[in-house]
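Colleague: Here's a structure for you.
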Amino acid sequence: MRLISILGGIAVSGGIATAVLAHSGAAGVVKQRMDAMEAIATATKALAGISARKTAYDPQTIRSHAMTLQMHSGQSLTRLFPKDSISGPSEASPEIWANWQDFSASAARLEKLATGLGLAADNGFATVRRSIGRGATVEQIGARKVNTVFAAIADTCKSCHARFRVAK
């Protein structure tokens, strides 16, 4: 048991060290967006554990993580990407500004899905997940099951990173 605690501590310390190193040298808006992305990643990882049923299902915890995602998406996210702000340790691709409308739409979709997830927190899990169309309203998203909404959030993050993030 002590070995597991030690290994867990090393893993957490390593994760923190990696984040600190990734942010070293970042300043201004680049650091602000790295911090925002870190908050999004932390909330997403926690929600992934709930969605995979590795962590206890707690509607209040889901709402809290959904609020974190909502606070760091939409215009709150896009304002952290002023034109050509790719200096220092930034992982932002120039594709963001070349395809600003698509990038903004992804940020807005994340915000809508996060808002819907907060509403869906009491809805439990779906045995069969159906995709959530881009035209779905927040209310329609909020009527879905948690793991369905989370899957749409994860897909949104994955597709945005594939297109707009420089590979590490």
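Readers should treat all values here as calculations from the given coordinates under stated rules, not as data from a laboratory. Here the structure is a predicted model, which is why all the values come from computation and not from measurement. For neighbour counting, all protein chains shown are included, and Cβ atoms are generated from backbone atoms with ideal geometry for every residue, glycine included.
Colleague: Only one of the values (i) 17.6, 64; (ii) 17.0, 52; (iii) 26.0, 83 was calculated from this structure for Rg and Dmax of the Cα atoms in Å; name its label.
Modeller: (ii)
Colleague: Counting only pairs 8 or more places apart or on different chains, how many lysine pairs in the chain have C-alpha atoms closer than 29 Å?
Modeller: Eligible lysine pairs with Cα atoms under 29 Å apart amount to 22.
Colleague: Give me the net charge for the shell around C157: Cβ to Cβ below 12 angstrom, other residues only, Lys and Arg +1, Asp and Glu -1.
Modeller: Summing Lys and Arg as +1 and Asp and Glu as -1 gives +4.
Colleague: Can you list the residues, at least 5 places off or on another chain, whose amide H is less than 5 Å from the amide H of A92, using H built in the peptide plane?
Modeller: V166
Colleague: Same structure, new question: When the Karplus curve 6.51 cos²θ - 1.76 cosθ + 1.60 is applied with θ = phi - 60°, which whole-Hz ³J(HN,Hα) does each residue of region 131-137 get, with x for Gly and Pro?
Modeller: Computed from phi, the couplings for region 131-137 are 5, 10, x, 4, x, 5, 7 Hz.
Colleague: Note the full-extension length gain between Q75 and D35 as 0.36 nm times their separation in residues minus their Cα-Cα distance, in nm to one decimal.
Modeller: Using 0.36 nm per residue and subtracting the Cα-Cα distance, I get 12.8 nm.
Colleague: If you average the C-alpha positions of region 34-112 and of region 126-152 separately, how far apart do those two centres end up, in angstrom?
Modeller: 18
Colleague: Let's see if you can work this out: charge +1 on each Lys and Arg Cβ, -1 on each Asp and Glu Cβ, no other charges. What is the dipole magnitude of the chain about its Cα centre, in debye to the nearest 20?
Modeller: Roughly 360 debye, rounded to the nearest 20.
Colleague: Using the Karplus equation 6.51 cos²θ - 1.76 cosθ + 1.60 (θ = phi - 60°), what ³J(HN,Hα) coupling, rounded to whole Hz, does each residue of region 113-122 give in order, writing x for Gly and Pro?
Modeller: Values per residue, Gly and Pro as x: 5, 5, 4, x, 4, x, 6, 7, 3, 8 Hz.
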